[in-house]
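The values are calculated or read from the model by the stated rules, or taken from the named source; none is laboratory data. Computed from a predicted model, the values in this text were never measured in an experiment. Cβ: placed from backbone, ideal geometry, glycine included. Neighbour counts: every protein chain shown. With ligands, DNA and RNA removed, areas are computed over all heavy atoms of the protein, side chains included. Shrake-Rupley method; radii C 1.70, N 1.55, O 1.52, S 1.80 Å.
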Amino acid sequence: MLNFFLLLLFSLTADPRLHLKPTPKPNSVKAPFTDIDIQHYRLNIKLDMTNRQIDACCTIKILPKDTYINEVSLDFWNLTTDSVKTENSKLAFVHSSGILKITLDRQYSPSDTINLSVFYHGKPSKGLYFGSSKPNTAWTQTEPEDSRFWFPCNDIPSDKADMGVEQIYTLPKDIILQANGLLYSRTTSGDVSTWSYKHNYPIATYLIAFAAAPYDSLIQSYNGMPVTHYFDSNYSASRKNQLSNFPTLINLCEQYYGVFPFRNERIGTMEYWMNPQYCMEHQTMISMNGWGYEYTWVIFHELSHQWWGDHVTCGTWYDTWLNESWATFSEYLYAHKIENYKWADYRKIERDNVVYSDSWEKSILDCFGCESLTYGKGAFVMEMLRQRIDVTDSIYPGSQFFSSLRQYGSEYSYRSAVTEDFILSWEHSTNDSLRDFLMQWLGGIGHPIVEYRIVSDGNSADIYLEQRQKKDHPNASLFTFPLEIKFNGADRETLISVEMNNSTFRDTVDIGFNATSWTLDPNSKLLAEYGHYSKFDDKKRAEYLPVNIDYYIYPNPTRDDCYVRFNTERKLKGRIAVYDIAGRKRIEKDIPAPYNGKTIVLLPVRKLSSGIYLVNVQIEGKNINKKLAIMK
C-alpha cells in the first residue's frame, strides 16, 4: 500500500499555484528618483550571526540623469547611517522617514560620475534575515522593495545597476556564503572568513542576494559554464537527485528562449529558509526552499525567470505579469517537453485553474497583489497569444511565436520593459495589430461566461450564445473572441468557429449532418466558462448543465482548512477522502448537495501535519486524485 500511494501521489499533476511567492505588494508605489542613474553597487558587510546585526559600507557609483544635481536621495530604512563620504570628503546628510538625502560636495553635471560610500549598522527589520529555526544561517529576500532595508539604493526595478554589483561578506569561517555572480576571493583570518563576489551584468535591486549556511554542494557544468548548487547538508542525497537534470532544464530554456543571458558567469541554486516558504529567482543564484526542490517544474519556473524577470525585468510593479506570466507559461513547456503532456491537455488543466480563481475586482494590469492574475491568468493570455500567432499546437523553437519572444528579449536585453514596450515589440515582429487583443485580456476584468442553446435539425444547427460576467462591476466589459464548437453525429464530426462580437450571437449554420452532441471550445483554447442557457426551457437549468467531474482545491497550499469545489450545479453522488503519504486515510466525507448552485466540500485539515497529501474523489464511476500541500 505504501509503495502504491507513493507512486500515485508523486505521479499526479502538481497544482501550478503551489510555488507562488507573495505577489509584490510594495511598501509604497514610490516615485522613482528620476534625476540619478545607478551604475554600480559595492556592498561590504560584516554579518554578526550571534547578535543578528550588520556593520556595513555600501559604495554606489551614480550618474546624474539629464540634469545638474547637488544632492542625491536614496531609499534607506530602519538602519543607522554613521557617515557618507566621496573620494575626497565627508558629506552632510539627513536620514529620515526612509530617505537618505545627501548633500554633495559640488554641483555635478550629466557627464560626471558620483562615487558615494555610506557607512551604516544595525538590525535589519526586513530584506536580510538571520535564521531562527535554522541556526548559523542568513539570507536575503527583497522582492519587491525590501532592498532598502539592508542597503541604501534606488529601490525600483527600472533603475538597474548597469555595471553590476560587488558583494563582500565577513562571517564565521565554518559557514559557506553564496551570492550573485562569481567568487573571486575567499580569505580566512582567525575564526572568520571573507567572501567576495562580482556580478558584471546589469541587475535590479530586488535581485541582489546572498545566502549563508553550513552547506553541502553539487557542482555541475553546462557547455563549460559552472552550475553550482548549495543546500542543506541534512538533505544532500535527495537534493543531488532532485537537481540531477538541471543542465537539461537549461538546455530546454536555451532552445526556446535563447542563450543563457549570464553565460560568462554561472547559474545555480542556494537553499534558504524563508517563511512563508517560496522560491526566488535571484540573478545567477536561485534561492530555493526545501519543498521547492521537490518539484522539478518549480525549479524550471525559477530558472526561466533568468530570461523573463532578470535579463528582461518588469519596469514597474504594475508590470509584474511580464515576469510571472512568462515563468508560469514556462510550466506549459516543462509539462509538454519533460513530463510528456499533450499541450492541449495541460492547457485545459491551467484553464480550469484560472477560471476557478480569477478575480472580478481587478485586471492583470491593475494588480500587484493577485497571484491568480499575474501568474496563471497572464500565462493563459500568453497561450492565447501563441494560438493567434502559431495557430496549431506544434510547439517548436523556430515558430513565429517563440521567434517573437526571443526578439522581445533581444530588444530589452539587460533592461526593464513595461506593457507598452511588450505590445510594440510583438506588433513589430509579427506584423499584426495585437493591441486590442492583448489589452482586452490584460486590462479586462474577469473572463467570459458563455451560456448556450443549440438545436440540431437535419443538416443544420441553430446556435444561440449569450456572454456575461460573473459579477457586476463598473469597469467590467464584454470580450470579443472566436469560439470553436464541435458537432458530433453518428459517424461524423465537424468543427466550426463563430465570432462573439456582442453580448449575444444567433445563427443557423449548415453542418452537413444531424448532430447528436456538441461541445463548446473542445480544446480549451479560450479563457472562459460555459453552461446551458436555461431561459428557453421550463426545466431546471441544472438538468442541462454538463457534469464536470473535475474539481479545484483552494487554498493550495494551505495552513488551515481548505475547500474542494466542483464545477457543476447537479447533485453528485460520491465520497471524498484525504490520505497521507503512507496511504493512511485521514479524512473522509460525502459530497453534499449543491447550495446556491455550487458544490463545495470543506476539508478540515488544519490539524494535519505539514506535508504532501492525496485528495481522492470517487464519483459517478470515476476516481480522481490531486495533491494537497499543507505548510505550517
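Just a few scattered comments:
The rows are residues; the columns are (1) surrounded by 19 or more Cβ atoms within 10 Å (Cβ to Cβ); (2) within 30 Å of Leu43 (Cα to Cα); (3) of a type in the set (A, V, I, L, M).
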residue: Lys198; (1), (2), (3): no, yes, no
residue: Thr205; (1), (2), (3): yes, yes, no
residue: Ala212; (1), (2), (3): yes, yes, yes
residue: Gly224; (1), (2), (3): no, yes, no
residue: His229; (1), (2), (3): yes, yes, no
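- Within the stretch 116-144, tally of residues that are in a strand (DSSP E or B) and on the phi < 0 side of the Ramachandran plot: 12
- Complete set of residues in the stretch 516-565 that are modelled with pLDDT under 90, in contact with a helix residue (DSSP H, G or I) (Cβ under 7 Å, 6 or more places away or on another chain) and of a type in the set (S, T, N, Q): Ser534
- Residue tally, condition farther than 22 Å from Asp521 by Cβ and open to solvent by 30 Å² or more (accessible area, probe 1.4 Å), over the stretch 345-375: 6
- So Asp75, is it in contact with a helix residue (DSSP H, G or I) (Cβ under 8 Å, 6 or more places away or on another chain) and open to solvent by less than 10 Å² (accessible area, probe 1.4 Å): yes
- Those strands (runs of 3 or more DSSP E) of the stretch 377-479 in which at least 1 residues are within 20 Å of the chain's Cα centre (by Cα) and either farther than 22 Å from Val259 by Cα or small (Gly, Ala, Ser) (or both), considering only elements entirely within it, cover 415-417.
Residue-by-condition table, conditions (1) closer than 24 Å to Arg351 by Cα; (2) touching a strand residue (DSSP E or B) at 6+ places or on another chain (Cβ under 6 Å):
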position: Leu385; (1), (2): yes, no
position: Asp390; (1), (2): yes, no
position: Leu405; (1), (2): yes, no
position: Tyr414; (1), (2): no, no
position: Met439; (1), (2): yes, no
position: Gly443; (1), (2): yes, no
position: Val455; (1), (2): no, yes
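- Among residues of the stretch 225-239 that are among the charged types (D, E, K, R), those with a Cβ under 6 angstrom from a residue that is surrounded by 16 or more Cβ atoms within 10 Å (Cβ to Cβ), sequence gap 6+ or separate chain, pair up as Asp232/Glu271; Arg239/Phe231; Arg239/Tyr293.
- Where a residue in the stretch 319-333 is outside any helix (DSSP H, G or I) and its partner, wherever it lies, is open to solvent by less than 10 Å² (accessible area, probe 1.4 Å), with Cβ under 6 Å and at least six apart: Thr320/Pro24; Thr320/Cys314; Thr320/Thr374
- Residue check for Ala593: surrounded by fewer than 20 Cβ atoms within 10 Å (Cβ to Cβ), at pLDDT below 80 and hydrophobic (A, V, I, L, M, F, W, C): yes
- Here Thr188 fulfils each of the conditions (1) open to solvent by 10 Å² or more (accessible area, probe 1.4 Å); (2) part of a strand (DSSP E or B); (3) of a type in the set (Ser, Thr, Tyr); (4) touching a strand residue (DSSP E or B) at 6+ places or on another chain (Cβ under 6 Å) apart from (4).
- Any chance Phe513 is of a type in the set (Phe, Trp, Tyr), modelled with pLDDT of 85 or more and on the phi < 0 side of the Ramachandran plot: yes
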